[in-house]
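The values are calculated or read from the model by the stated rules, or taken from the named source; none is laboratory data. Since the model is a prediction, treat every value here as computed from it, not as a measurement. Cβ placement follows ideal geometry from the backbone for every residue including glycine, while neighbour counts extend to all protein chains displayed. Surface areas here come from the heavy atoms of the whole protein model, side chains and all, with no ligands, DNA or RNA. Shrake-Rupley method; radii C 1.70, N 1.55, O 1.52, S 1.80 Å.
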Amino acid sequence: MESGVVAVNNNINNYESKATSTITIKGILSLLMESIDDENCDGGGSKKRVISLGMGDPTLTTLFHTPKVVEEAVADALQSRKFHGYAPTAGLLQARIAIAEYLSRDLPYQLSRDDVFITCGCTQAIDVSVAMLARPGANILLPRPGFPIYELCAAFRGVEVRHYDLLPEKGWEVDLDAVEALADQNTVALAIINPGNPCGNVYSYHHLEKIAETAKRVGTIVISDEVYGHLAFGSKPFVPMGVFGSTVPVLTLGSLSKRWIVPGWRLGWFVTNDPSGTFREPKAAVPQIIANTEEIFFEKTIDNLRHTADICCKEIEDIPCIFCPYKPEGSMAMMVKLNLSLLEDISDDIDFCFKLAKEESVIILPGTAVGLKDWLRITFAADPSALGEGMRRIKSFYQRHARKL
């Protein structure tokens with residue numbers, strides 16, 4: 001097992017030196033699962049259950065449930081027998097109209113069906129946005145830490161990736177000075193993720209306004225990944241980047257996955273927010289899902305996320321080797337800094353995660369996977385009991401590996 005872990009670490013370290021372009025979160029999580037020791041037992045001699053705090057899939061918990069109206073909408077659409085054939089390339093008209101109306105609720109202008117394109121989850125929306133903008137010599141500005149799918153799509157399309165940093169001491173805000181320094185005449189887009197994945201941050205209206213002004217100044221558009229849209233539970237409300245569509249053209253990416261707790265349905269969208277017209281390139285259950293989901297469902301989801309984020313942050317206070325510089329205010333994950341100086345036999349974040357999986361059957365994601373070495377991403381969208389137990393196991397792991405004074 002040890003030689004296998006070394007080989008994996010070498011592969012990931014080699015990948016890191018090439019920038020985050022050849023690895024996926026699911027790939028690392030699969031390797032971590034393989035490293036779990038089947039003989040791990042708790043104090044009573046029973047086999048330890050695996051606790052995964054690495055995958056952002058709320059359906060794996062008992063805390064988050066898809067609303068019944070959503071399931072009924074899909075059942076009604078299937079039973080109508082009207083939607084078994086091929087859909088238009090841009091998506092069913094009813095769905096596009098419903099999404100345009102849904103997103104327009106938070107905008108100072110009205111979107112039309114022609115602004116909306118249905119995709120196979122937000123992942124395809126990411127690929128479509130990069131493919132549409134790709135051209136010889138093009139580059140795209142991506143956040144670090146960020147979501148690795150952007151790097152994969154850019155590499156496939158031959159688009160150069162340039163990373164700007166998110167600033168933990170400022171609540172993971174965009175380093176706008178870096179954006180201005182990195183951008184040139186070949187920059188096709190500035191990508192942001194709000195609410196933040198993997199950091200759990202939510203951008204203020206003022207910061208989004210500055211992002212729009214910066215993008216306009218450097219002559220590029222904004223790709224705004226809002227797959228966690230409205231999952232904000234801190235002091236700042238969620239503000240869509242499209243609010244600033246009159247300042248700079250915005251491509252908004254989103255999906256039903258997170259807010260409606262249906263990530264496996266793979267229903268996303270790609271939307272052009274361009275009321276000034278400066279950037280134009282020429283499923284039937286969706287209307288019911290959007291129109292009929294009661295607000296109490298969304299409120300309960302937010303309350304649950306706030307509660308589990310609080311549990312996670314409180315438990316972290318008792319684990320000296322990890323530090324949370326910014327309490328999450330949105331999405332379903334957070335980034336914590338790993339203090340290697342307090343550990344005597346852990347070399348980096350990858351080593352930490354593999355040994356944790358092997359010894360404690362707890363899965364968390366090494367920061368290297370999202371572009372930030374010696375940090376960790378913890379998903380807090382988990383059952384409170386499992387989350388608490390997982391954090392206590394991490395504390396036990398620290399105590400076992402703590403540097404002797």
Name the residues in the range 162-178 that are in contact with a helix residue (DSSP H, G or I) (Cβ under 9 Å, 6 or more places away or on another chain), crowded, with 22+ Cβ neighbours inside 10 Å and aliphatic (A, V, I, L, M), would you? 174
Could you check, for the range 65-81, whether at least one of its residues is in a loop (DSSP other than H, G, I, E, B), among the charged types (D, E, K, R) and surrounded by fewer than 13 Cβ atoms within 10 Å (Cβ to Cβ)? yes
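Has the range 99-108 got any residue that is modelled with pLDDT under 90 and not in a loop (DSSP other than H, G, I, E, B)? Walk me through it before giving the result.
Of the range 99-108, the ones modelled with pLDDT under 90 are none.
Checking the range 99-108: not a single residue is modelled with pLDDT under 90 and not in a loop (DSSP other than H, G, I, E, B).
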Has the range 227-241 got at least one residue that is modelled with pLDDT of 95 or more and in contact with a His (Cβ under 7 Å, 6 or more places away or on another chain)? yes
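Report whether or not residue 141 is over 23 Å from residue 27 (Cα atoms) and in a strand (DSSP E or B).
Details: over 23 Å from residue 27 (Cα atoms): yes; in a strand (DSSP E or B): yes.
Taking the combined requirement at face value, the residue satisfies it.
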Being assigned to a strand (DSSP E or B) and under 23 Å from residue 226 (Cα atoms) is the filter here, so list the residues in the range 316-344 that pass it. 330, 333, 334, 335, 336
Would you pick out the residues in the range 127-139 that are within 17 Å of residue 226 (Cβ to Cβ) and either modelled with pLDDT of 95 or more or in contact with a Lys or Arg (Cβ under 7 Å, 6 or more places away or on another chain) (or both)? 130
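Which of the strands (runs of 3 or more DSSP E) contained wholly in the range 155-269 include at least 2 residues that are farther than 19 Å from residue 301 by Cα and among the charged types (D, E, K, R)?
Details: elements: 160-167, 187-193, 221-225, 250-255.
The strands (runs of 3 or more DSSP E) meeting that bar are 160-167.
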Among the residues in the range 294-315, are any open to solvent by 10 Å² or more (accessible area, probe 1.4 Å) and part of a loop (DSSP other than H, G, I, E, B)? yes
Please enumerate the residues belonging to the range 364-382 that are open to solvent by 10 Å² or more (accessible area, probe 1.4 Å), touching a strand residue (DSSP E or B) at 6+ places or on another chain (Cβ under 7 Å) and in a loop (DSSP other than H, G, I, E, B). 371, 372, 374
Can you find even one residue in the range 120-133 that is part of a loop (DSSP other than H, G, I, E, B) and crowded, with 17+ Cβ neighbours inside 10 Å? no
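Do we find that residue 24 is modelled with pLDDT of 85 or more and within 30 Å of residue 396 (Cα to Cα) in this structure? Steps first, please.
On the way: modelled with pLDDT of 85 or more: no; within 30 Å of residue 396 (Cα to Cα): yes.
In short, no.
Given the options 361, 331, name the one that is of a type outside the set (Phe, Trp, Tyr) and surrounded by 24 or more Cβ atoms within 10 Å (Cβ to Cβ).
Checking each option against the conditions leaves just 331.
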